[in-house]
1. SER159 accessible area, nearest 10 Å², 1.4 Å probe?
2. Quote to one decimal, in nm, the extra length available between LEU11 and ASN55 on full extension: 0.36 nm per residue of separation minus the C-alpha distance between them.
3. Quick one: net charge of VAL47's neighbours, Cβ under 14 Å, K/R +1, D/E -1?
4. For GLU324, what accessible area in Å² do you get when you roll a 1.4 Å probe over the heavy atoms of the protein chains, rounding to the nearest 10?
5. What net charge do the residues around SER68 carry, taking every other residue with its C-beta under 9 Å from that of SER68, with Lys and Arg at +1 and Asp and Glu at -1?
6. Just name one of ILE90, LEU12, LEU26: the one whose Cα is farthest towards the positive end of the charge dipole of segment 1-118 (beta-carbon charges, Lys/Arg +1, Asp/Glu -1).
7. Run the simple label-point estimate for GLN18 and THR124 please: 7 Å along Cα→C-beta, distance reported in nm.
8. So which of LYS121/LYS336; LYS105/LYS132; LYS67/LYS132; LYS53/LYS104; LYS35/LYS325; LYS53/LYS121 end up more than 26 Å apart, counting from Cα to Cα?
Amino acid sequence: MQSWLVPHQRLLSQQLAQGRLAHAILFAGVAGAGKSALANWLVQALVCRQPGKDNDQGILFACQNCKSCRLYRQGSYPDFLSVTTDAKNIGVDDIRAVSTFVEKKAHLGQNKVVLLPMAEKMTTAAANALLKTLEEPGLSCVLILVSDDLEMLLPTITSRCRLYDIRPLSGQALLENLGRDKGRDKGQAEVNLFANVSQLPELTDEAVYRQFRLFTALLLDFLAARRSRADLLALLNENTYAFRWLEYMLVTMARSQYNWLSWSGIRAELADTGINRGEQSAAAGDDAGQLPDTETIWQVYQLVIACIRQLKSMVQANAGYLSEKLLVDIEAVLDK
Ligand SMILES: [Zn+2]
């Protein structure tokens with residue numbers, strides 16, 4: 001199990017041992033954060049009749065030997081339901097199966113467990129149906145929801161679950177991870193920048209990290225001086241992470257957590273990359289431009305969220321068109 005999951009395991013083990021485990025649990029965090037591994041571990045700990053305990057860490061683990069563990073391994077433990085679908089959405093019928101399962105008496109007199117690995121795929125109707133189940137008094141079942149996309153879940157669902165926010169590394173640890181071979185001290189500004197993006201596990205990859213730095217520079221150049229538009233658009237269209245980076249950067253900026261001191265450093269780095277910025281570079285000069293105020297950033301953020309939702313909701317979205325339209329809309333907000 002990855003190191004950052006261990007504290008969650010410890011906490012959940014404690015709650016489980018003391019009978020305080022919530023009946024509705026939500027593991028949220030970016031893709032690759034280890035949510036599935038954590039969910040599978042918890043399911044097995046719940047299923048097992050005589051879970052063991054790692055005394056050093058205080059973590060429960062399934063014995064793998066009891067009848068329940070054996071049945072679970074064979075995929076025939078009767079009191080476990082995993083709601084998976086190849087379809088685009090988890091619909092009302094899928095959730096009806098959950099309700100039926102929840103109402104039934106446990107076959108083995110043990111815990112009943114429902115796992116929803118991609119909870120954000122629930123339609124609104126399905127989520128509302130699940131809500132009814134969550135509100136049942138004396139729910140004799142543990143529901144484990146997993147999602148990399150909290151935004152797509154109904155607030156009424158998230159508010160009824162105990163949320164476990166799974167983040168791969170803390171800001172400082174990530175920074176050390178990234179900075180190991182950088183050699184030069186860029187000071188506090190850099191720390192602040194990365195403290196805020198510690199939810200981006202892909203940045204531990206050096207090549208992706210360089211792309212992220214470039215993305216940040218282009219975004220800030222665009223927001224402050226309406227430059228780098230074409231390069232930013234290209235990155236949005238080509239880099240699978242770019243929209244998420246956009247969302248993270250803006251929410252960080254909107255919450256005023258961003259340390260603007262790093263802006264000059266980032267500009268210098270943009271110059272270092274030597275990327276071809278076409279005719280724009282001639283006009284760029286030394287004018288750093290002016291970064292928008294928080295209110296404007298907030299409006300831009302709303303545009304980005306709307307665009308991301310649109311991208312996700314369309315079966316075959318014309319991504320190129322949407323991202324180009326997004327930048328035009330952002331410019332309109334900036335120029336207001
Ligand atoms: Zn067991």
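1. 90
2. Details: separation 44, 0.36 × 44 = 15.84 nm, distance 1.37 nm.
Separation in residues times 0.36 nm, less the Cα-Cα distance, equals 14.5 nm.
3. On the way: positive: ARG49, LYS67, ARG70, ARG73, LYS112; negative: ASP79.
Taking every other residue near VAL47 into account, the sum is +4.
4. 90
5. Values: positive: ARG49, LYS67, ARG70; negative: ASP79.
Its environment carries a net charge of +2.
6. LEU12
7. So the two model labels end up 4.0 nm from each other.
8. Values: LYS121/LYS336 36 Å; LYS105/LYS132 18 Å; LYS67/LYS132 32 Å; LYS53/LYS104 30 Å; LYS35/LYS325 34 Å; LYS53/LYS121 35 Å.
Long pairs (Cα-Cα over 26 Å): LYS121/LYS336; LYS67/LYS132; LYS53/LYS104; LYS35/LYS325; LYS53/LYS121.
The values are calculated or read from the model by the stated rules, or taken from the named source; none is laboratory data. These numbers were taken from a predicted model, which means no experiment stands behind them. Backbone-built Cβ (ideal geometry, glycine too); neighbour counts: all protein chains shown. Surface areas here come from the heavy atoms of the whole protein model, side chains and all, with no ligands, DNA or RNA. Shrake-Rupley method; radii C 1.70, N 1.55, O 1.52, S 1.80 Å.
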